[in-house]
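Before any comments, here is the structure.
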């Protein structure tokens, strides 16, 4: 009991301390509650401030986005306007340049026309002056009354080579003026342009009406009694009657007229013509390669008509050596040479006029030499549809060779 009683003050003290603590806790609770209330109020205020701030930031961001979009739109509009302005300036610059180019072309055209006109006038004047000088020289080898040897040939039959060989005989001369040529009803050039004016020491002749040129080689010395002329069917428009009428007019005037017809295998002729066109595009430029078979057929038919109306000799060309027989017969029959002398002269003239050594403005050598490897259809078969023309040419060729 004493022990219990002794312990009471302690308990009382403890209880008193607890009471004080409880009182203190109660007071602290009020303070805490007040703090909590204040804290909640502060949290509400902070939250409200944050929300206000967020709304302000959102408005600022929206405003910034609107400003950015407007800035982008303004920039795109300025860019579009700048591109439009640039394109307009470029278009105007191009238009101005084109206008200047038109003006320059007009000026250049005027200059070209003026130059061409003056060049043509100068060329014409020089040609006239030269023609006068050449024709004055041509007069020395002109004169009426001589007999006439006319070579009437298809193209590409070695006719110019034969012509040059024949006129080397002392009994033969090329007439300076083209009087006999015109009397035979011919037009065009008497001598190929490719071989004219390549020999300064050659013979001056009238190659066309009023046009003079120098052909290679001077006439042989002697007493010429024959004029030699060379023509092709197109030079009398494929009208055999015109040539025959010219021949008859010369015969009526007391002049002897001998005709040599130059022919060649039609396929060979066609290929050779095409080869020469390829070397010199200006040669018969008006003749379409596809029309060559008809041209050759018409030429051979015209020669056959001439042969039917007037006695003729026929030379069938198969290369330069094939001219030997006609040269010899002309020398003996027309020029009065004895056989041994004729052979000597033919040997000499063949040696002097080798076909491969002939020089023209377009190149050297003979184009279209004979060969057996010719396709009648032509290169790349351009004549595959020309069977009728080939038959016509072959028929006329056979008639001439009889």
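Throughout, read-outs are computed from the coordinates displayed, never taken from laboratory work. Note that the structure is predicted; figures quoted are calculated from it, not measured. FYI the Cβ positions are ideal-geometry reconstructions off the backbone, even for glycines, and counts take in every protein chain you see.
Some notes on this structure:
- For the range 163-218, taking Cα atoms only, Rg and Dmax work out to 11.0, 30 Å respectively.
- Summary of the geometry: the range 261-286 and the range 185-241, compared by the centres of their Cα atoms, lie 20 Å apart.
- Ellipsoid semi-axes for the range 175-324, based on the Cα gyration tensor and the rule √(5λ), read 25, 22, 16 Å when sorted largest first.
- Packing rank of 47-57, 183-193, where each peptide gets the mean count of other beta carbons within 10 Å, highest leading: 183-193, 47-57
- Site pair residue 97 and residue 55 shows an inter-label distance of 6.3 nm when each label is modelled 7 Å from Cα along Cα→Cβ.
- Net lengthening on full extension, residue 245/residue 114 (0.36 nm per residue, minus Cα-Cα): 42.5 nm
- Straightening the chain between residue 46 and residue 385 buys 111.3 nm, computed as 0.36 nm per residue apart minus the Cα-Cα spacing.
- Interatomic Cα distance distribution for the range 145-401, bins of 5 angstrom, percent: 1, 6, 13, 18, 20, 18, 13, 7, 3, 1, 0
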